[in-house]
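Peer 1: The structure that follows is given in the form of structure tokens.
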Amino acid sequence: MGECVFCNEKAGLFRKEHKECRQLFESGKRKIASMVEKSLNDHQWLKDNESQLKEIAIQNFIDKKTLTKVIINGWENAVDMAFEDGILTEEEEVGLVNISSQFSLSQFDLDENGYYTKIVKGAILRDILEGKVPDRININGNLPFNFQKSEKMIWLFRNVDYFEQKTKRTYVGGSQGFSVRIAKGLYYRVGSFKGERVDTQETAFVDTGMLGVTNKHIYFAGENKSFRVRHDKIVSFNSYSDGIGIQKDGVSAKPQMFVTGDGWFVYNLLSNVSNL
Ligand SMILES: [Zn+2]
């Protein structure tokens, strides 16, 4: 006879849980997560109801480890809610920090799905939109960038794939069917030169490296290629789900693409930072 993993009572042959216990467990998790989520704009409420939250956990067979996971899950939903209207406000940021300190959640746990980083990114974008130069990151180790005076690092993307758009010239429609064999060679008649020149754009991988964003430039440093671009030299941006494309000033400038893994952030960052 198997025992129920939730209530430890007999569960029946080849069974390891009661259906009712499983349902209690699942609904308890939902209740707790939504309590946390709801407290984004009213943290006091969650403080006042902490004992109720713990009671729900006990009643619904939620162990300590699971409880922490569920709270983090609710907290992540709150982060999503905070970003729903676009920008993370200062109040929302404070609310999220309050929840995490109430339950002593570690930065490591909060960032398991990248949500802690998302808050930092949100705060950086808010700073920039308010005209402030963000000062929110600490970078370990030396950077391969040669900064100018009074230049401040705002964000560093690591493992960025850098691509350049290259024009590939091909000819189509130029059939060789019009050639005639004369002596030992081939002679192409005028008719065979009707082929059209077609320029196709090809996106070519160039290098992988770090992409640094300062208040003045973007820097790229890879193993084979390193360069910097002044923000005001960029005339247009292309947004991609996982990165950004830039077009520099000048007729010969080729489109450049950076895959940072986060199109939303890099686009908002680069398109606004030049206003600082
Ligand atoms: Zn049970």
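No lab work stands behind these numbers, since they all come straight from the coordinates. Keep in mind it's a predicted model, so treat the numbers as computed, not measured. Here Cβ is always computed from backbone atoms with ideal geometry, including for glycine, and neighbour counts include all displayed protein chains.
Peer 1: Please tell me if R22 is assigned to a helix (DSSP H, G or I) and surrounded by 12 or more Cβ atoms within 10 Å (Cβ to Cβ). Even if it seems obvious, please write down each step before you answer.
Peer 2: Working: assigned to a helix (DSSP H, G or I): yes; surrounded by 12 or more Cβ atoms within 10 Å (Cβ to Cβ): yes.
Yes, satisfied.
Peer 1: Residues that are under 22 Å from F205 (Cα atoms) and of a type in the set (S, T, N, Q): list the strands (runs of 3 or more DSSP E) wholly contained in region 233-276 that include at least 2 such residues.
Peer 2: Details: elements: 234-240, 243-248, 256-259.
Hits in region 233-276: 234-240.
Peer 1: Just checking, how many residues over region 11-25 are over 18 Å from K54 (Cβ atoms) and either acidic (D, E) or within 9 Å of the ligand (Cβ to nearest atom) (or both)? Talk me through it step by step, then tell me what you get.
Peer 2: Looking only at region 11-25, we keep the residues that are over 18 Å from K54 (Cβ atoms), and these are 11-23.
Of the ones still in play, those that are also either acidic (D, E) or within 9 Å of the ligand (Cβ to nearest atom) (or both) are 11, 17-22.
Looking only at that region, the number is 7.
Peer 1: Right, something else. Among (1) within 16 Å of the ligand (Cβ to nearest atom); (2) assigned to a loop (DSSP other than H, G, I, E, B); (3) among the hydroxyl-bearing types (S, T, Y), which single condition is S104 missing?
Peer 2: Failing condition for S104: (1).
Peer 1: I'm trying to understand the selection: among the residues of region 234-246, which are surrounded by fewer than 16 Cβ atoms within 10 Å (Cβ to Cβ) and not hydrophobic (A, V, I, L, M, F, W, C)? Full working, then the answer.
Peer 2: Filtering region 234-246 down to residues surrounded by fewer than 16 Cβ atoms within 10 Å (Cβ to Cβ) leaves 235-242.
Hits for region 234-246 are S236, N238, S239, Y240, S241, D242.
Peer 1: Also: I want to confirm something. Restricting to region 58-92 and keeping residues that are within 16 Å of the ligand (Cβ to nearest atom) and of a type outside the set (V, I, T), which single residue is farthest from the chain's Cα centre (by Cα)? Step through it out loud before you land on a result.
Peer 2: Of all residues in region 58-92, those within 16 Å of the ligand (Cβ to nearest atom) come to 58-63, 66.
So of that shortlist, the ones also of a type outside the set (V, I, T) come out as 59-61, 63.
Values: Q59: 38, N60: 35, F61: 35, D63: 32 Å.
Top of the filtered list is Q59.
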